[in-house]
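Here's the structure we're looking at; comments come further down.
The values are calculated or read from the model by the stated rules, or taken from the named source; none is laboratory data. Not measured: the values here are computed from a predicted model. For neighbour counting, all protein chains shown are included, and Cβ atoms are generated from backbone atoms with ideal geometry for every residue, glycine included.
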């Protein structure tokens, strides 16, 4: 009812609220575009590392299976232990490198969560002034605020899930060699499983490209 | 000595006049002119007047060169090892594919015989290549042993020169000469053991059908279990001590 009494001020404050939310959305989307590059870069780096980890596990398995004393290697008494030690060290080194990459993924996840949280906060603060219609309104070049907020939440969830699943995969123990050996399949299946969702972030960025240009 | 000191002080006090005079007269020892020029501009450009340490001679020279040789030999070893590893892994891949082919023949899944002769030729070629590379590595290892014996020689010479009450000199920073020999011996022993392992692998790799054992051969070749990780520290310490690496 108040809007009928003071139509001008109401539309003014609604406009200001829309602008405020739009700007905060744009800032968040800009940041996500940059983070997506970092993310895919880190995932790309992980591929060869995971493969070499699987390969090392296979070598360790063979090293354990072979009875050295029954082979031509019997003359080298401490060879098995020495080889195992070297292979373990190589596993540790690879895990360390993977850990560095995981840290990059974690940073992306945290930063995106933070940015999306900020946008939602701005939306909540301006929620009353904004009104339902303004939130749902969309034009040919700009999706609705509600849509964009939903996409942002999906994106945040995607990064969170991906990070967690990959992190859990890498929680391997040295004695579970067959697990490490199969790691490469589970790691890649994580990519495959999400192929439909893999482009989630890219698609969202494409959908909002006109909006970002218009508000910048 | 006192006279020398006075003349030096005098020279530095009147350096500029001296320079002008000598340039005009052009009858001064060039070496002194250089020193004077440095003294004149020394404050501004902060040129260190300390002359470069005289070129090493005798035992120190020999030890420094040996340290550099160790570095180069180890690089060469690593390079040859990589090439040899790719040959060895090709042998293993060929062995495995031939094995599965033979198994298929027994199972009557395939009948053709064309490839077997070609495979054998390739296998022989690769074995020869691996053998050559092994010989190259054996030569490198022998050179390493020679370096160690040179260190031993330097130590013996020093022991002979310093027999009696004379204290043994420290040729570089902190290492006594014997430490160079001990380090070199330690490194040399690692490579000696490693080359005997490699020689054994070269002899067996093409005659094994056990895939796990083949895998162990390859891991051994690549990860060199007898060359300890500490070898890098040993080499770097030697390079640091002899001044090849800056402090």
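So the values come out like this:
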quantity: Test: residue in the range B:53-71 that is assigned by TED's automatic domain parsing to the domain that holds residue B:222, free of Cβ contacts under 8 Å to residues at least 24 places away in the same chain and more than 21 Å from residue B:171 (Cβ to Cβ); calculated: no
quantity: Members of the range B:201-215 found to be more than 8 Å from chain A (Cβ to nearest Cβ) and under 30 Å from the mean Cα position of the chain (by Cα), listed by number; calculated: B:201, B:202, B:205
quantity: When residues of the range B:134-175 are limited to those that are more than 19 Å from the chain's Cα centre (by Cα) and touching a residue at least 12 places away in the same chain (Cβ under 8 Å), the one nearest to residue B:206 (Cα to Cα); calculated: B:155
quantity: The lone exception for residue A:55 - which of (1) under 12 Å from residue B:219 (Cβ atoms); (2) more than 7 Å from chain B (Cβ to nearest Cβ); (3) buried (at least 18 other Cβ atoms within 10 Å of the Cβ) it fails; calculated: (3)
quantity: Matching residues, the range B:216-247, being in contact (Cβ under 8 Å) with a residue 24 or more places away in the chain and at the interface with chain A (Cβ under 10 Å from one of its Cβ atoms); calculated: B:217, B:218, B:222, B:224, B:225, B:226, B:227, B:228
quantity: Matching residues in the range A:59-89 - criterion: being touching a residue at least 24 places away in the same chain (Cβ under 8 Å) and facing chain B (nearest Cβ under 7 Å); calculated: A:59, A:63, A:87
